[in-house]
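K.L.:
Quick one: the structure is below, questions incoming.
The values are calculated or read from the model by the stated rules, or taken from the named source; none is laboratory data. Every value quoted in this text rests on a predicted model; they were computed, and no experiment measured them. Backbone-built Cβ (ideal geometry, glycine too); neighbour counts: all protein chains shown. Protein only, heavy atoms only, side chains kept; ligands, DNA and RNA dropped before computing areas. Shrake-Rupley method; radii C 1.70, N 1.55, O 1.52, S 1.80 Å.
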Protein chains: 2
Amino acid sequence: MIVHEQEPYNAEPPRAALAEHLITPVDVFYGRNHGTMPEIDPQAWRLRIGGLVEHALEFSLPELQQQFTPVEVTATLQCAGNRRAGLMAFRDIPGQHPWGAGATSTARWRGARLSDVLAACGLGRQVTDVAFDAPDVAPEADPPQPFGASISVDKATAPEVLLAWEMNGEPLPTAHGAPVRVVVPGYIGARSVKWVGRIAAQDHPSENFFQQGAYRVLPADTDTARTHPGDGVALGPVALNSEILTPDDGDEVPAGPTHVAGYAFAGDDRTVVRVDVTTDGGATWVQADLDAQPTPWTWRFWRARVYVPPGRVEITARAWDSTAAVQPEHPATVWNPKGYINNSWPSVTVTATPTAAGAHGSYPR
Amino acid sequence: MIVHEQEPYNAEPPRAALAEHLITPVDVFYGRNHGTMPEIDPQAWRLRIGGLVEHALEFSLPELQQQFTPVEVTATLQCAGNRRAGLMAFRDIPGQHPWGAGATSTARWRGARLSDVLAACGLGRQVTDVAFDAPDVAPEADPPQPFGASISVDKATAPEVLLAWEMNGEPLPTAHGAPVRVVVPGYIGARSVKWVGRIAAQDHPSENFFQQGAYRVLPADTDTARTHPGDGVALGPVALNSEILTPDDGDEVPAGPTHVAGYAFAGDDRTVVRVDVTTDGGATWVQADLDAQPTPWTWRFWRARVYVPPGRVEITARAWDSTAAVQPEHPATVWNPKGYINNSWPSVTVTATPTAAGAHGSYPR
């Protein structure tokens, strides 16, 4: 793992490790934390659901497991800071981790539907948002506070949103939110609150720092010394994005036909329908083959065979979604003060060494 | 109106006319037709619903109006060819109309929910798509055939999809599909089939030319002499887009602070959250004020005050949606053989004449 910070723990897998599995193994799954991981006694743990509900309820883990039909959803989580390094290469973003291609991973999550649990409590008609609170205190928050988030009631009552206690067929590990985490497929990872302890049905979004003060996209020219809670765009559904995982940036490859592969991901309600790859700065593009998507909530792996001439070559990709929208080209366009949602075209630069075939003047395309 | 073709009738309002009303008057609403408008006797007209349903049903207009609760939905329709002229300026697209900024309009539609009508028929469990057939024969189709389309059953059963007989409080005019048209908010206009006569519940998309052979985005390098039905990406939900309506392209304006306004539209399940305007080629951007959106299904009008220096000045805008996705910059990126979904950054070029204030050396910013 590439460890950005030990405490709180922030780490991502290298490209090669991420590329190996459509379903990311637990020990390769990225970790994004704002505070020290809480060690929760699963016997003592209770989930409390309150706010604008008919019956405030409380569940132990066995009660949650026994009173609701468990379902499994395979879903990709993607940190809003994924690929921030590409923005920082354009203009620095002090105080933020330079996440690369790997602040995203995919797992099989199993748990109760949040909608079933909310239905058991009887949601009030005036509910617009459902808020999650966790015990992990984030010193970076202003003021320091436990992590929290909220999602719209429409999303909260959608069948894909889980209170998960299993990950890839095993009990959820502490590092990923044991005993129970929220999993909000198609949304930025920050909304899938780990170690969830309290859920509140509200008529307004969460007032937590990570809903009101962070995970918001501010215009590039914002004076960040003068921002207020609520400024900028609160992030929810994930924007269309993609990365190249093979070859890795800086790799040496034989010149000639080269295998290029990666992931593309379109959040909530969109799918990836096409990925193009260029090795000549966009003059020509090769259409990649798209792997099957296990569920509508996961990334899509893609692969292409492209011609790489000898020398230093930049390989660039771009993905298209089901509305025929394409990723924006430049990091300059999407740069923002906190460095969220870098969905500009991904590139890796390789050095291609001449081969015996090439020495005779013919590189097969 | 700017008339691209008299027969079949294809026309769009000029920018200034479109800018005047958030709800577009009927006589300004764009018209996009593939065949001669049918004159239908409303007394004789029947809507037939069949396919994979428990009861195939047939409704006269009064039956439709009396048996289902009428609802009103304010929704923007946008032709997939809207803004094609911007693509053609980059590379010609023979045989297609050079639509400008005006192949999009907004109206108050009133009618029965398609979902209610389908529920009355009893949708089969195996239904994946709902197809619409109209009587207007399109000579351009291969082979020539009446217009048709389909949408997914999920969209067809969503509450915003109507069988509409009223437009802006008046009976639907022939030019917009009388006696009844489909209105599919958030989707390209081609799916809102006018003069609908038959609806079929199916386990596959419509095989109509306009679903399988047109309204599909092909890669730029496609050999269009060798395409087959089903190639490319079938269009449904509208991609994030925007236009500048004020000033008009080619206008003369006084140098100095200038009012710039236009529309932005994010299709199905997305909203426009920000619009930026630049007059210096993107070095600096001014954030526009966003008008209220009458419903989630309409465009969003925006307005900004920007500084225009004397001379020939290009004014460019870009919109952002609720995932923090931004429009792609260049028409070159999105150019495709049929010229659909030009959602690259819109621009107008104005000539700014020096003012008395400017003659004294100070243009207020």
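K.L.:
Considering only region B:279-297, state which residues are more than 14 Å from chain A (Cβ to nearest Cβ) and either touching a Pro at 6+ places or on another chain (Cβ under 7 Å) or within 20 Å of B:SER344 (Cα to Cα) (or both).
P.N.:
B:THR279, B:TRP297
K.L.:
If B:ARG300 passes every condition in (1) open to solvent by 40 Å² or more (accessible area, probe 1.4 Å); (2) more than 23 Å from A:GLN327 (Cα to Cα); (3) away from chain A (no Cβ under 13 Å); (4) not hydrophobic (A, V, I, L, M, F, W, C) but one, which one does it miss?
P.N.:
That leaves (2) as the condition not met.
K.L.:
A further question follows. Residues of region A:183-216 being over 18 Å from A:ALA103 (Cα atoms) and β-branched (Val, Ile, Thr), which ones?
P.N.:
Answer for region A:183-216, where residues must be over 18 Å from A:ALA103 (Cα atoms) and β-branched (Val, Ile, Thr): A:VAL196, A:ILE199.
K.L.:
Filter region B:202-217 down to residues that are open to solvent by 20 Å² or more (accessible area, probe 1.4 Å), touching a residue at least 60 places away in the same chain (Cβ under 8 Å) and of a type outside the set (Phe, Trp, Tyr), then give me how many there are.
P.N.:
So the answer is 6.
K.L.:
Strands (runs of 3 or more DSSP E) wholly in region B:159-203 with at least 1 residues that are under 15 Å from B:GLY35 (Cβ atoms) - which ones?
P.N.:
Where strands (runs of 3 or more DSSP E) fall fully within region B:159-203 and carry at least 1 residues being under 15 Å from B:GLY35 (Cβ atoms), they are B:181-183.
K.L.:
Further question: I want to confirm something. Restricting to region A:205-226 and keeping residues that are of a type in the set (Val, Ile, Thr) and within 14 Å of chain B (Cβ to nearest Cβ), which single residue is nearest to A:SER150 (Cα to Cα)?
P.N.:
Going through the qualifying residues, I end up with A:VAL217.
K.L.:
Now, a different point. I'd like the full set of residues that are within 22 Å of B:ALA56 (Cβ to Cβ) and out of contact with any Phe, Trp or Tyr (no Cβ under 8 Å at 6 or more places or on another chain), limited to region B:155-194.
P.N.:
B:ALA156, B:THR157, B:VAL161, B:LEU163, B:TRP165
K.L.:
Looking at B:ALA190, B:ALA164 in this structure, which one is over 22 Å from B:HIS55 (Cβ atoms) and touching a helix residue (DSSP H, G or I) at 6+ places or on another chain (Cβ under 8 Å)?
P.N.:
Going through B:ALA190, B:ALA164 in turn, just one is over 22 Å from B:HIS55 (Cβ atoms) and touching a helix residue (DSSP H, G or I) at 6+ places or on another chain (Cβ under 8 Å): B:ALA190.
K.L.:
Let me ask you something else. Checking A:ILE244 against (1) within 12 Å of chain B (Cβ to nearest Cβ); (2) among the aliphatic types (A, V, I, L, M); (3) surrounded by 16 or more Cβ atoms within 10 Å (Cβ to Cβ): exactly one of these is not met. Which one?
P.N.:
Of the numbered conditions (1) within 12 Å of chain B (Cβ to nearest Cβ); (2) among the aliphatic types (A, V, I, L, M); (3) surrounded by 16 or more Cβ atoms within 10 Å (Cβ to Cβ), the odd one out for A:ILE244 is (1).
K.L.:
Of all residues in region B:305-346, count the ones that are within 14 Å of chain A (Cβ to nearest Cβ), among the small types (Gly, Ala, Ser) and either surrounded by fewer than 21 Cβ atoms within 10 Å (Cβ to Cβ) or assigned to a loop (DSSP other than H, G, I, E, B) (or both).
P.N.:
Count: 6.
K.L.:
Is it fair to say A:PRO139 is surrounded by fewer than 20 Cβ atoms within 10 Å (Cβ to Cβ), touching a His at 6+ places or on another chain (Cβ under 9 Å), touching a residue at least 40 places away in the same chain (Cβ under 8 Å) and not assigned by TED's automatic domain parsing to the domain that holds A:PHE301?
P.N.:
yes
K.L.:
Here is a list: A:ASP269, A:ASP231, A:ASP249, A:ASP276. Which entry is farther than 24 Å from B:ALA332 by Cα, within 9 Å of chain B (Cβ to nearest Cβ) and either open to solvent by 50 Å² or more (accessible area, probe 1.4 Å) or in a strand (DSSP E or B) (or both)?
P.N.:
A:ASP269
K.L.:
Here's another thing I want to ask about it. I'd like the full set of residues that are touching a strand residue (DSSP E or B) at 6+ places or on another chain (Cβ under 6 Å) and assigned to a loop (DSSP other than H, G, I, E, B), limited to region A:205-218.
P.N.:
The answer is A:PRO205, A:SER206, A:ASN208.
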